1. Can you tell me which of (1) in contact (Cβ under 8 Å) with a residue 12 or more places away in the chain; (2) closer than 24 Å to PRO8 by Cβ; (3) assigned by TED's automatic domain parsing to the domain that holds MET22 is the one ALA75 doesn't meet?
2. Within the stretch 19-50, which residues are closer than 13 Å to GLY60 by Cβ and without any contact (Cβ under 8 Å) to a residue 24 or more places away in the chain?
3. Considering the stretch 102-118 alone, what residues qualify as being outside any helix (DSSP H, G or I) and surrounded by 15 or more Cβ atoms within 10 Å (Cβ to Cβ)?
4. Collect the residues in the stretch 84-100 that are farther than 15 Å from GLU124 by Cβ and surrounded by 14 or more Cβ atoms within 10 Å (Cβ to Cβ), keeping them in residue-number order.
5. How about the stretch 19-48: which of its residues are surrounded by 12 or more Cβ atoms within 10 Å (Cβ to Cβ), of a type in the set (Gly, Ala, Ser) and either under 17 Å from the mean Cα position of the chain (by Cα) or in a loop (DSSP other than H, G, I, E, B) (or both)?
6. Given the condition within 15 Å of VAL19 (Cα to Cα) and part of a helix (DSSP H, G or I), answer yes or no: does some residue in the stretch 74-82 qualify?
Amino acid sequence: MSREKFTPDIHQVFRFSLVGAMATAVHFTVILVAVSFFSWRMIVVHGLAYLCAFLVSFVGHYKFTFASATNWKLAFIRFLAASFITLCISSLIVALGMAFDTPRLATLLVAAASVAIASYLLQENWVF
């Protein structure tokens, strides 16, 4: 195998990060608008905000980050599975952090970094 296979495309990593930031902004915006203007309880709107962010993330990565030629239905199912896998990874890291009495901030930073790396690798090599 060539070395290029293991070298990530810096432009693709940038696009991946940009789409992730956009999805996060959508998540926060939906919550802030619903809570501030409509007095919804945050726990109620969180699911809607997550769904909106999930869709922004899928479409952004499908069309922009990876410019995928994969059938969108297959890619969507794989994206959903990859999201579940990264949820399990982050949950395991948080559980281990709690079990070993690791500082919360350190645990969350490790979980967030692990999820970002795992998400990128899964999406680049399997989802899209």
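The values are calculated or read from the model by the stated rules, or taken from the named source; none is laboratory data. Everything quoted here is computed from the prediction, not taken from an experiment. Using ideal geometry, Cβ is built from the backbone for each residue, glycine included, and neighbour counts are taken over all protein chains shown.
1. For ALA75, the failing item is (3).
2. Passing the criteria: ALA21, ALA25.
3. Selection gives THR102 alone.
4. ILE89, SER90, ILE93, VAL94, GLY97
5. GLY20, ALA23, ALA25
6. The answer is yes, given that some residue of the stretch 74-82 is within 15 Å of VAL19 (Cα to Cα) and part of a helix (DSSP H, G or I).
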